[in-house]
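Novice: Pasting a structure here, questions to come.
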Amino acid sequence: MSDIVAPSTTVAGPLDVAGTLALVQEALPDAKPVSAGPTDYLEVAPDQLIEALQVLRDQGGCDLLSSITCTDYLSYQGRARAKDGPRFEVVYHLYSTAQGGDCVVLHVPVDDGESLPTATPVYPGANLQEREVWDLYGLVFDGHPNLRRILLWEGFEGHPMRKDWHEAYYEEDQKPFRSRHPRADFARSEDKVPWGKNTRYPADWDPDDWQEPVTYVPVSQDPRSRNGAGDHLSTESVVVNLGPHHPSTHGVFRMIVRIEGETVIALEPDMGYLHRNHEKIGERNTWLMNMPFTDRLDYINSMSNNWGYALAVEKLMGLEVPERAEYLRVIMAELSRIVNHLWSIGFILNDLGALQTPALYAIEEREMILDLFESVSGARMMCNYLRFGGVHRDLPAGWAERARYVVHERLPRALDQLDDLLSGNEIVNTRGRGVGYLSAEQLISLSVTGPMIRAAGVPYDIRRCEPYGVYDRFDFDIPTLPHSDVYDRYYIRLLEARESVRIVQQALAGLPEGDILAGKGGYVFRPPEGEAYGRVEGPKGELGFYLVSDGKPNPYRYHIRAPSYINLNALAPMTVGYKVADAIVILGAIDIVLGEVDR
Amino acid sequence: MFGTGLLKGLGITFKHLVDTYKDDIQSTPARYQGSDDRGKGLKVIDQPVDQEGLLTIQYPEERRLLPERFRYIPMLIWDTETDEERCTACGICAKVCPPQCIWITRATDEAGKPVTRPQDFFIDATICMSCNYCVEFCPFDAIKMDHDAELASFERFPHLVYDKGELTVPLDYYAALWPTQYAEEQERRAQEAAEARAKEEAKAARAAVKKEEEEAPAPEAKLSRAEELKQKAMERARQRREAQS
Amino acid sequence: MSLAPPNFPDLKTDQVESYLHPSVSVPEGLNNNVLVTTIDRLYNWSRRSSMWPLLFGLACCAIEMIATASSRFDLSRFGMEVMRPSPRQSDLMIVSGTVTKKMVPAIVRIYNQMAEPRYVIAMGACATGGGPFKEGYNVVSGIDKYVPVDVYIPGCPPTPEALMFGLMKMHQKVDTQSVTTADWYKREGSAFVPVPHLGPDIFDPRQADLIRAETMSGEAVAADTGGDRAEGGVPGGLRNLGEKAKARIAQAKERAAARLAG
């Protein structure tokens, strides 16, 4: 296509993390520098948070607030922390999209019952993440525009990620449970509660008195809703509910939309219909047990999820990965990126109304790649292939030849075919061009990452900005497109899939011999105390894992910075003003997977 | 010109339609190449990589060729060479299982002393996430992944909680499903057995030497102390079991 | 490995019968009824040959379901390629993925909206029994806690072959049903499933009395020590009810009685 911007292959140079932290310290002398394992961070008091963020944004060049999360230090057993400190710590990770490099980390200690100011005036992208912290930890963000539950429902009892909150089938804080072994009594968890269900109720609660509190603030109280006043043609705006069971929402996602005529005037995403408690379960699992659970986050690309988690744990433990394993990781992650982009292109077209045909063509080649995954790891989708310090198994005989044929012959052919079929199609062009526009600055301030901002002309790709694995050895471009509309978001995925094909071709050609796993690969180990944030460029954006270890065999905190979840910040601003049929396509072009959105 | 994109797209779909038949006609004799019929007239299809498209697998008459490493639900190995199960009820699989879907009870002999055999072994297939950790960390090659995915049932409980009888398969079954890995494993086991024998012999020789010297009360005392502790622990466990039932 | 013999798919209907749920078996007296069995056969054949599944994906298993429907495995060979987004037009619900508490009310509502005869397949470990997420605070440990399930398919996720095998089991089950005994031909029809509500935790209106009895007993039963209920002998905390709780239970019982009478 004619309007591809010349791919930028360089970034301005890595962010000077120490210097940026010094800037904050200069402005706020009370901020306390702390070192926890591989991470250095600044501890900032709640009332100084906004000032610190402003310094970081305006002087430090950190324009992307990547992740906000919280840790409850109630039962922390490590030695590095004072026992009587504040109970919670809210953690902010910030990056510079222009400079790349490592992140700047801020911690804000907050005690139970205290509140802290919202970051949304400085970084609008804090919106969904602060709601998540409120939902799961019960911390109040003063001034947040819409602080309601997001993954659970209004009226839910308690804040489940708190360390003292236990679910109905609760056994022990850590697996493996002592009660199961060696006594090995065969007990179904259903027998633990009288009603046989995974539920618990507060004392003194009467089901008959219960009223469900449900409010959808932006949609129900939208100031722009005119209700026909002052217009010669009397119209009334209507609230339309899309989902959670809706064929266009890519899973169990719900959009509550206020429309006037056909134009969307307000939209509110509602999620949590697939909230599977990854983080709570992850804190009870051992480090290794979490690996197959990461497969089920973004279930279309288990390989890149594995990598994100492995990377964070390797950072924490200081493990080196053998060269061959690094190459295998690149091959698997890039194949999985191709799978994801094919899948998402097929389903954007589904949303455009081209039911089935493009999707069926697109996922044909996916089957070939899944066959490759299956023969190397044993499963089509839930590969569980990576281990800390390498990969699980070496390639079976004949695998490389088959893969070579797939990436040299079949995939380029299939991508060309999709390009011919779709890119010039008049309907795709009219429905896609100019729809769902947001400027690059807006997208970055909303914390959007991945193909979405590359389709807005920002060459921000972690493989290039903060190279991990052996990505610095391959010759590939970061394609960008200028228009930031649905068409460009479709087309950027095609271009990226082509680049991934190039990377796999080079990786297969240069695949070295040697070990695939460093160390012994046992099943119990204790990473040293500290915290680490590992991130990879997942097919949907920045996939990060924030881990805190207190030196025990289980992660103390296991948080997933899910790109599809945070990209949804942009959904409402992108959709308002377009037709309701465009809302479906705009959602499709964000490319969400509910397993990752809701976790 | 408006409409050329649409026509081009239609051309591609038409080519796909023609290709479907082209592939079919060209490859009909080759379609079942290398297939085995599993004694039931089933055909196993190995998708050729150099084809334009994909072969449709007409399940249940045709099957997809499953790769050796395919994993579904674990199975227990009955070692036909020694005519006993390989599992020693060490419990590592139950420990590493991420969703904790394995329960093992250790068998006891007539005197009530635990022996290294499982009395019972349950896997709850409604929880199992097919992650392969039990296989990966089993030190005795006793638990392996089955390829059988046809497990649908009309009832959940107890049909989908597999007990030892349902899980156990003979070694030959495993050898047929996992030929490469089986061969590697046999080689390793043979080597290990040889080493163990050598060690045993060396130990016996050492013991003979020691016997001649007739002095080794210290280790014996240590041993008896360990034995005593073990007995005590077992007694406690027995009491707890009784209190339970 | 499973309970069924290896040649299960080749068995005739009456041989399969012993593996089926008792409620779907054909009563003995009817086996000789030539007219009815002929109609049954025709009727069941047509029903099972064009089942329309609900286009309804929850999680990872939905991806495998789509793969099954796509060109490589081609569900249209089973007459199932028409996936209907509307429950009114479909007769098979494939619950493909983890069922969360937030989602259950929607699922039950959709189930109630399906026209009879309707069938439910629990695809994958999560829908069957909660799977690896079973302990999660927002996860329902098996959809069969809320709607009746006809076929369970274990696996995480079930491969397309496993799903198709489950569908064939579904066909076998349809084959054993008779127009004379099927629930949906009875005068009163089959009952709707009450939709669960989202309270402090999800609750089933059918269990309201039990829940009330437990919560009024002054101790949160489901809380921390849940495992040791067998020791006390009494399920729940009925032993030490407070006066206030007793009064409220009595009131609730009265209300329930009034509702029944009215």
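Every read-out reported here was derived from the displayed coordinates using simple, explicitly stated rules and does not represent laboratory data. It should be emphasised that the depicted structure is a prediction, and the values quoted were computed from it without experimental measurement. As a convention, Cβ positions derive from the backbone with ideal geometry for all residues, glycine included, and neighbour counts pool all protein chains shown.
Novice: In whole Hz, with x marking every Gly and Pro, tabulate ³J(HN,Hα) for the stretch A:268-282 from phi via Karplus 6.51 cos²θ - 1.76 cosθ + 1.60, θ = phi - 60°.
Specialist: Karplus-based 3J(HN,Hα) across the stretch A:268-282 equals 10, x, 10, 10, x, 6, 10, 6, 9, 6, 3, 6, 5, 5, x Hz.
Novice: For each pair in A:K552/C:K102; A:K552/C:K145; A:K83/C:K102; A:K163/A:K315, compute the distance between the two Cα atoms and list the pairs where it is over 31 Å.
Specialist: Too far apart for the 31 Å limit: A:K552/C:K102; A:K552/C:K145; A:K83/C:K102.
Novice: Restrict the search to the stretch A:456-494; then list the chymotrypsin sites (Phe, Trp or Tyr not before Pro) that DSSP places in a loop and that have at most 15 other Cβ atoms within 10 Å of their Cβ.
Specialist: none
Novice: Averaged over its residues, how many other protein chain Cβ atoms are within 10 Å of peptide A:266-279's Cβ atoms?
Specialist: 5
Novice: Counting Lys and Arg as +1 and Asp and Glu as -1, each charge on the Cβ, what is the dipole of the stretch A:7-142 about the Cα centre in debye, to the nearest 20?
Specialist: That gives a dipole near 360 debye.
Novice: Residues with amide H under 5 Å of B:T168's amide H, sequence separation 5 or more or different chain, H placed in the peptide plane at 1.01 Å from N; which?
Specialist: Correct list: B:L76.
Novice: While we're on this one: Could you calculate the FRET efficiency of B:A208 with A:E409 from 1/(1 + (r/R0)^6), where r is the beta carbon distance between them and R0 is 60 Å, rounded to 0.05?
Specialist: Efficiency, from the Cβ-Cβ distance: 0.30.
Novice: Can you tell me the length gained on complete extension of the stretch C:R77 to C:Y185, counting 0.36 nm per residue apart and subtracting the Cα distance?
Specialist: 36.0 nm
Novice: Starting at the first residue of the stretch A:105-114, write each ³J(HN,Hα) from the Karplus equation 6.51 cos²θ - 1.76 cosθ + 1.60 with θ = phi - 60°, in whole Hz, x for Gly and Pro.
Specialist: Result, ordered by residue: 10, 10, 10, 10, x, 9, 9, 4, x, 7 Hz.
Novice: Quick one: check the C-alpha center-to-center distance for the stretch A:136-168 versus the stretch B:60-125, whole angstrom.
Specialist: The two parts, judged by their Cα centres, are 41 Å apart.
Novice: Next question. Return the long-range amide H neighbours of A:E43 (sequence gap of 5 or more, or a different chain), with a cut-off of under 5 Å between placed amide H atoms.
Specialist: Answer set, sorted by chain and number: A:K32, A:V34, A:H107.
Novice: Sort out for me the Cα centre separation of the stretch A:349-401 from the stretch A:52-96, rounded to whole Å.
Specialist: 37 Å
Novice: In whole Hz, what ³J(HN,Hα) sequence does the stretch B:183-188 give by Karplus (6.51, -1.76, 1.60; θ = phi - 60°), x for Gly and Pro?
Specialist: Per residue, the Karplus-derived 3J(HN,Hα) values read 4, 4, 5, 4, 4, 5 Hz.
Novice: Taking amide H positions as placed 1.01 Å from N in the peptide plane, with prolines and chain starts having none, which residues 5 or more places from A:G530, or on another chain, fall under 5 Å of its amide H?
Specialist: A:S549, A:G551
Novice: Treating the beta-carbon of each Lys and Arg as +1 and of each Asp and Glu as -1, no other charges, what is the dipole magnitude of the stretch A:276-397 about its Cα centre, to the nearest 20 debye?
Specialist: In debye, rounded to 20, the stretch A:276-397 gives about 380.
Novice: FRET efficiency for A:R81 and B:I25, Cβ-Cβ distance as r, R0 = 51 Å, nearest 0.05?
Specialist: The formula returns an efficiency of 0.10 here.
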